[in-house]
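Student: My questions all concern the structure below.
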Amino acid sequence: MKVEATLLILVLLDAVSTYLLVQKYPVELEVSPILRQLLAIDKRLVFAWIPVEYATLLCLFYINKKVREKLGVKKKLEYTIIGLAATIVVLNTIGVVVNYIVKN
């Protein structure tokens, strides 16, 4: 349950920070081609992407966990998925803060 909640919070923070960034910067800077197309239509569609991103990251987490268990690996490598999501949020937040500082 902690993993699910953590990933959900990170995905929500990613959506909000992405939304704030695309208010200032072109949507072409978005890495995900599908999300980029959604943002080109309407920037608010970033919030419609939340369930897709959440489900994808959660599936990746559990797939990694099952593979690790099948291979008998002791280190919990599946937590790198949470680290990846956290890294994206941190980078977006840095972008938002820098944009705020430069604007003011």
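Student: Condition (residue is within 25 Å of Met1 (Cβ to Cβ), under 15 Å from the mean Cα position of the chain (by Cα) and either at pLDDT below 95 or surrounded by 12 or more Cβ atoms within 10 Å (Cβ to Cβ) (or both)) applied to the range 59-66: is it met by at least one residue?
Tutor: yes
Student: Tell me, yes or no, whether the range 25-44 has at least one residue that is surrounded by 11 or more Cβ atoms within 10 Å (Cβ to Cβ), within 16 Å of Glu4 (Cα to Cα) and at pLDDT 95 or above.
Tutor: Within the range 25-44 (the criterion being surrounded by 11 or more Cβ atoms within 10 Å (Cβ to Cβ), within 16 Å of Glu4 (Cα to Cα) and at pLDDT 95 or above), the answer is no, since none of the residues qualifies.
Student: Let me ask you something else. Kindly provide the set of residues from the range 1-48 that are in a helix (DSSP H, G or I), of a type outside the set (D, E, K, R) and closer than 19 Å to Val98 by Cα, ordered by number.
Tutor: Leu13, Ala15, Val16, Ser17, Thr18, Tyr19, Leu20, Leu21, Val22, Val27, Leu29
Student: Got at least one residue in the range 93-103 being outside any helix (DSSP H, G or I), of a type in the set (A, V, I, L, M), more than 16 Å from the chain's Cα centre (by Cα) and surrounded by fewer than 17 Cβ atoms within 10 Å (Cβ to Cβ)?
Tutor: Within the range 93-103 (the criterion being outside any helix (DSSP H, G or I), of a type in the set (A, V, I, L, M), more than 16 Å from the chain's Cα centre (by Cα) and surrounded by fewer than 17 Cβ atoms within 10 Å (Cβ to Cβ)), the answer is no, since none of the residues qualifies.
Student: For the range 67-104, which positions are within 19 Å of Thr6 (Cβ to Cβ) and among the polar types (S, T, N, Q)?
Tutor: Scanning the range 67-104 gives Thr80, Thr87, Asn92, Thr93.
Student: Shifting gears a bit: Cβ-Cβ distance below 7 Å, separation of 6 or more or different chains: which pairs start in the range 23-36 with a residue that is free of Cβ contacts under 8 Å to residues at least 12 places away in the same chain and end on one that is surrounded by 12 or more Cβ atoms within 10 Å (Cβ to Cβ) and not acidic (Asp, Glu)?
Tutor: Pairs found: Glu28/Arg36; Arg36/Val27.
Student: Could you check the range 3-54 and list, in sequence order, the residues that are of a type in the set (Gly, Ala, Ser) and more than 27 Å from Thr80 (Cα to Cα)?
Tutor: Ala40
Student: Checking the condition touching a helix residue (DSSP H, G or I) at 6+ places or on another chain (Cβ under 6 Å) and at pLDDT 95 or above, which residue from Thr56, Thr18 passes?
Tutor: When all the criteria are applied, what remains is Thr18.
The values are calculated or read from the model by the stated rules, or taken from the named source; none is laboratory data. In this text the structure is predicted, and so the values were computed from the model without any measurement. Backbone-built Cβ (ideal geometry, glycine too); neighbour counts: all protein chains shown.
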